[in-house]
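As structure tokens, the structure follows; a few thoughts come after it.
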Amino acid sequence: MRLVFFGTPDFAVPTLRALLDAGHEVARVYTQPPRKAGRGYAEQPTPVQAEADARGIQVETPERLDDEAVQQGFAELEPDAAVVVAYGMVLPQPILETPRLGCLNLHASLLPRWRGAAPIQRAILAGDDETGVTVMRMETGLDTGPIVMQERVAIAAETDAGELHDTLAEMGARLMPRALQALDAGEVTPQPQDDAWALNAPKLTKDDRHIDWRRPAIELERLIRALAPTPGAITTLPDGETLKVLRSEIAPSPPSGTPAGKVLDETTFLVACGLGSLRLIRLQRSGKSPMDTAAFLRGYALEHGARLQ
């Protein structure tokens, strides 16, 4: 098929590769404009642009899609379908209506559960025991279009957002070519989503990163996994230093009346929570690489009974 690909981050790259490896023609790639980042604050192309450039595919980086010239340029490509993976901009109706098979979006959840920007993080935060990827035919609503195909995967107790991200990216790369082929052959009919089961997955904010030790240990352990490895859940050490917590494990409850955030064991970094306690396993100080707790404690004098905020 003749395709147009819309995508921006690392998550989208495996799907672009899979479509090309399956023999589809990708007539054009649309991605977010380069942003300034890194040393020297130089403009950096998106991961999708870097892949497209390496493959010799022409790239478009419009600031907006509601421009008539942009929409006309897209229509002139005459695609059979558009494939959209974490593009980062809403596709207007004229673009949605142009391809013969429509615009197909790969979403990192089992829709209608977790519509929105942070489905991976929200699934972990909620304690879901499974998630997956969905290919849907796009419409104007946020992740509301009819479902073409889905694939499921279990969320293991220790899985963090980074690991789940990579798993779902590869699953989606396998699923999208199958969905395209089945849709083109008339072997599948997109099914409407049941809005009664819909849950929203808004992006996590800076405030969401802070560990509130008054909360139950089971919730905080999920928060830490949902934010690992980046941007990371954070707490404040007794001297005011901000510490990123990347992995933890739930431990038994401390004695009744123990203040939340109190360090119960300074040799294993065991901390009291509102219910239960957490043993901190992997940490990262500002400007440093991630390290295990033993390495951290060799360089930081943690006093017994100290309080984290």
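The values are calculated or read from the model by the stated rules, or taken from the named source; none is laboratory data. If you're wondering where the values come from, they're calculated on a predicted model, not measured in any experiment. Neighbour counts run over all protein chains shown; Cβ positions are idealised from the backbone, glycine included. These area figures cover heavy atoms from the full protein model, side chains too; ligands, DNA and RNA do not enter into them. Shrake-Rupley method; radii C 1.70, N 1.55, O 1.52, S 1.80 Å.
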Open item on the list: Between 0 and 90 degrees, rounded to the nearest ten: what's the tilt of helix 161-184 against the longest Cα principal axis of the chain?
Closed with: 20
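In debye, nearest 20: dipole of the range 241-282 around its Cα centre with unit charges on the Cβ of K, R (+) and D, E (-)?
Working: 5 positive and 4 negative charges, 32 e Å.
Its charge dipole is roughly 160 debye.
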Open item on the list: Over the range 3-135, what is the relative contact order in percent, taking alpha-carbon pairs closer than 8 angstrom and at least six residues apart?
Closed with: 24
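Quote to one decimal, in nm, the extra length available between residue 157 and residue 64 on full extension: 0.36 nm per residue of separation minus the C-alpha distance between them. Before the final figure, lay out each step's value.
On the way: separation 93, 0.36 × 93 = 33.48 nm, distance 4.07 nm.
Extra length available between residue 157 and residue 64 comes to 29.4 nm.
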Task: Distance in nm between pseudo-label sites at residue 249 and residue 97 (7 Å out along the Cβ direction from Cα) - done: 5.9
Task: Orientation-averaged projected area, Cα convex hull of the range 58-122 (nm²) - done: 5.2
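With contacts defined as alpha carbon pairs under 8 Å and 6 or more residues apart, what's the relative contact order of the chain in percent?
On the way: 652 pairs, mean separation 41.1, N = 309.
The normalised contact order for the chain reaches 13 percent.
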Open item on the list: Projecting each Cα onto the charge dipole of the range 71-122 (Lys/Arg +1, Asp/Glu -1 at the beta carbon, about the Cα centre), which of 116, 90, 79 comes out farthest on the positive side?
Closed with: 116
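Given Cα pairs under 8 Å that are at least 6 residues apart, what percent is the relative contact order of the range 108-170?
Working: 86 pairs, mean separation 22.3, N = 63.
Relative contact order for the range 108-170 comes out at 35 percent.
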TODO: Among the aspartates and glutamates, select those whose C-alpha is under 13 Å from the C-alpha of residue 262, and discard any that sit fewer than 8 residues away in the same chain.
DONE: 212, 303
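Tally Lys/Arg at +1 and Asp/Glu at -1 over every other residue whose Cβ is under 10 Å from the Cβ of residue 144; what's the total?
Details: positive: 115; negative: 139, 143, 195.
For residues surrounding residue 144, the net value is -2.
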Task: Percent accessible area from carbon and sulfur atoms, the chain, protein chains only, probe 1.4 Å - done: 48
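With each run of n ≥ 4 DSSP H residues scored as -39500 (n - 2.57), what mean residue ellipticity at 222 nm is computed for the chain after dividing by its residue count and rounding to the nearest 500 deg cm²/dmol? Present the calculation step by step, with values, prior to reporting the outcome.
Details: 8 runs with 79 residues, N = 309.
The per-residue figure over the chain is -7500 deg cm²/dmol.
Using the scaling law 2.2 N^0.38 Å as the reference, what is the normalised Cα Rg of the range 144-251?
Working: Rg = 18.8 Å, N = 108, 2.2 N^0.38 = 13.0 Å.
This ratio for the range 144-251 stands at 1.44.
So, with +1 on the Cβ of K and R and -1 on the Cβ of D and E, and no other charges, what is the size of the charge dipole of the chain about its Cα centre, to the nearest 20 debye?
Values: 32 positive and 42 negative charges, 216 e Å.
Its charge dipole is roughly 1040 debye.
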- [ ] Would you calculate the separation in nanometres between label points at residue 286 and residue 196, each defined as 7 Å from the Cα along the Cα-to-beta-carbon direction?
- [x] 5.1
Open item on the list: Test of understanding: extend the Cα→C-beta vector of residue 210 to 7 Å, then name every residue of the range 270-309 with backbone N under 16 Å from that spot.
Closed with: 308-309
TODO: Distance from a point 7 Å along Cα→Cβ of residue 22 to each backbone N in the range 53-94: keep the residues under 16 Å and list them by number.
DONE: 80-86
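Can you give the Rg to Rh ratio for the chain, taking only C-alpha atoms and Rh from Kirkwood?
Numbers: Rg = 22.5 Å, Rh = 21.3 Å.
Rg divided by Rh gives 1.05.
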Open item on the list: For the range 19-83, take N as its residue count and report Rg(C-alpha) divided by 2.2 N^0.38 Å.
Closed with: 1.26
